[in-house]
Amino acid sequence: MTAHYLAGILYNWGEVKGILGQQREQFLRGEAHQSSVLRPVIGESWKRCRTMGINPNMNKAPQVVPLAYLGDYLKEKQELVSAALPLMHLLHSFIEGSGFMITLVDAEGIILRVLGDAEGYALIGEHGFLPGASWTEEAVGTNAIGTCLRLDQPVQVFATEHFCAGWHGYTCSAAPIHDRKGNIVGVLDLTGYDYRVHPHNLGLAIATARAIETQLARTIGPDPGQELTAAIGAMATGPTKISSRDPELLQAILEGQPLGPAPASRPAPRVFVPSSPAGNAAAKTTTRPGRYTFADIIGQDPNFLDAVGLAKRVAATDSTVLLLGESGTGKELFAQAIHNQSHRRRGAFVALNCGAIPRELIASELFGYVEGAFTGAKRGGSPGKFELANGGTLFLDEIGELGLEMQVALLRALQERQITRIGGLWPLPLDIRLIAATSRNLREEVRAGRFRQDLYYRLNVISITLPPLRERPGDILLIAQSKLAHWAEKLGRKELRLSRPVEEVFLNYSWPGNVRELENVLERASVMAPGTVIDLSHLPPELTAWGERGPASRAAARRVGKNMEQIREEAIWTALQKSGGNVSLAARCLGVSRATIYRQLKKWEAEGCCHA
């Protein structure tokens, strides 16, 4: 094998891709073949993939670190991230606009950081090229990251050299990062579209990885950023001209040899990357679920606190939970809090609103499907919510909206603790905790024949009823204070508070949308208010009408407001007692700012009050 092979790809990438693709198909069929095109490093990797049973049609990497715990995981890798990130940004300044993604991966093959242009971010949404995803050979087959980790040497993988079809549209170049003892601690990778293949990509990865090693070692010597700039400056800048160092570079690529220092006298040009014949790909975004704990649940109402206490107790078990309550009472907030206090907190929390999915699609959403299961099925198939939640918690909201046919399928999955993808042959064992929620009266639904009795009893192991907001008036202003503190910080205000007429309206309004409606009203009012005080003019019409009542109604509201002020003072005093006088802890328990507590203490001091 000579350097001419990779140089040939640069000029004949389409032809080489086709030949490699044919070789891969023959390999998958088990046909003997001889090829002067297939490199030994790739052929050996394919054999490992076949032995490990890697799905050759895979098109998305597994997310092995749940998003909810990614922050904790990244903290454990802070030394590597801190050393690498400035050099990744420096490299990006040279290749900006190329569409290539610069990726930092740890020694376990888990992505830590991804840096690049909007065009390159299409890769993230389509193939799971995300922080927390695993790109080892064992997880996703032959690829530069995983094969580099396996061999502990620089590797470039082009198009159909990838074992899995999902990565055939890309070229990737990776170099290992070592600590001062020579142990591999990570990988620096460059990934972009296959038609932009160039041997310099691997040279860039090697140079950056070497600079990161220097930074990790913290030895006295040249600045690693200057070394990286010099190395980049030694590389070619056009598609038809190969620099004097390319034979050395290509040989290092093929044989895994270190690349010697580059001359420092040459300026560092912008690296050339061929333009895309298809134009820029649209950037795609991903959404991440919020992470809530019991500390995010605000309330002092006795019935509400009973529900919180029961939820905390059940969190330590694997029992199925049924959350009951009107829409907007915080059922998903409770579900996430239960998950995050359970032993499954490092697993995934997967939520599905059963009422938001068309009935003909709900089965594929829950159980997934294999390739070719139906018209329009994705290549390689797709996992369902049960499969994604394995090892964690599955939250099925509005479960009362499920049709009877799907109720049977759900009951079978819960009884047998396994599911089979639509069109699949083999069952997948389940290890999940199920939390269901509904705003319907399931007992009435059972009596009416719209909900299966056996499924109801399967779900109703531990039921928790969340009271509507109108039945916990003492919590209305507590919640409002917490949300206003959030919006004040977000909008850059010193504070935000409600006027007394607005407080009266809030205490007398029925809140049919419960806490969700209250939060929406406060968001609108916070944005509308030019200053720190929210008055009636900042409320939506349905609430403004409550402020336009007669004197008798206003007097009654004032009496309620006075009672509410007493309730608020009692809540603050109780929190201070339980926290041993710790203002910060009391504020967190009530979901208010420390300034609110201090204002109340100052008021009591001025009044000469003594609480016993």
Using the structure shown, decide if Val505 is β-branched (Val, Ile, Thr), at pLDDT 85 or above and surrounded by 15 or more Cβ atoms within 10 Å (Cβ to Cβ). yes
Applying the selection to region 156-190, what residues are open to solvent by 10 Å² or more (accessible area, probe 1.4 Å) and over 21 Å from Gln23 (Cβ atoms)? Pro176, His178, Asp179, Arg180, Lys181, Gly182, Asn183, Ile184, Val185
Quick test for you: out of Glu444, Glu471, pick the one residue that is open to solvent by 60 Å² or more (accessible area, probe 1.4 Å) and free of Cβ contacts under 8 Å to residues at least 40 places away in the same chain. Glu444
Please work out which residue is farthest from Ala68 (Cα to Cα), limiting yourself to region 336-372 and to residues that are assigned to a loop (DSSP other than H, G, I, E, B) and of a type in the set (Gly, Ala, Ser). Gly372
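Might you let me know whether region 431-446 holds any residue that is at pLDDT 90 or above and in contact with a Lys or Arg (Cβ under 7 Å, 6 or more places away or on another chain)? Spell out how you get there, then give the answer.
Going residue by residue through region 431-446, those that are at pLDDT 90 or above are 432-446.
So of that shortlist, the ones also in contact with a Lys or Arg (Cβ under 7 Å, 6 or more places away or on another chain) come out as 433, 437.
Yes, some residue in region 431-446 is at pLDDT 90 or above and in contact with a Lys or Arg (Cβ under 7 Å, 6 or more places away or on another chain).
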Between a first residue in region 305-317 that is surrounded by 14 or more Cβ atoms within 10 Å (Cβ to Cβ) and a second residue that is assigned to a loop (DSSP other than H, G, I, E, B) and not polar (S, T, N, Q), which pairs have beta carbons less than 7 Å apart while being 6 or more apart in sequence or on different chains? Leu305/Gly299; Ala307/Leu466; Val308/Ile297
Pairs, first in a helix (DSSP H, G or I) and of a type in the set (Lys, Arg) in region 510-534, second open to solvent by 50 Å² or more (accessible area, probe 1.4 Å) and modelled with pLDDT of 90 or more, C-beta under 9 Å, six or more apart: Arg516/Ser327
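Let's see how each residue does on (1) buried (at least 19 other Cβ atoms within 10 Å of the Cβ); (2) more than 17 Å from Ser439 (Cα to Cα); (3) touching a residue at least 40 places away in the same chain (Cβ under 8 Å):
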| site | (1), (2), (3) |
| --- | --- |
| Ser327 | no, no, yes |
| Phe334 | yes, no, yes |
| Ala337 | yes, yes, yes |
| Pro358 | no, yes, no |
| Leu361 | no, yes, no |
| Glu371 | no, yes, yes |
| Leu402 | yes, no, yes |
| Glu405 | no, yes, no |
Using the structure shown, decide if Gly391 is surrounded by fewer than 16 Cβ atoms within 10 Å (Cβ to Cβ), assigned to a loop (DSSP other than H, G, I, E, B) and not aromatic (Phe, Trp, Tyr). yes
Out of all the residues in region 410-432, is one or more small (Gly, Ala, Ser), surrounded by 15 or more Cβ atoms within 10 Å (Cβ to Cβ) and part of a helix (DSSP H, G or I)? yes
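The values are calculated or read from the model by the stated rules, or taken from the named source; none is laboratory data. Fair warning: this is a prediction, and the values are worked out from it, not measured in the lab. Cβ: placed from backbone, ideal geometry, glycine included. Neighbour counts: every protein chain shown. Surface areas here come from the heavy atoms of the whole protein model, side chains and all, with no ligands, DNA or RNA. Shrake-Rupley method; radii C 1.70, N 1.55, O 1.52, S 1.80 Å.
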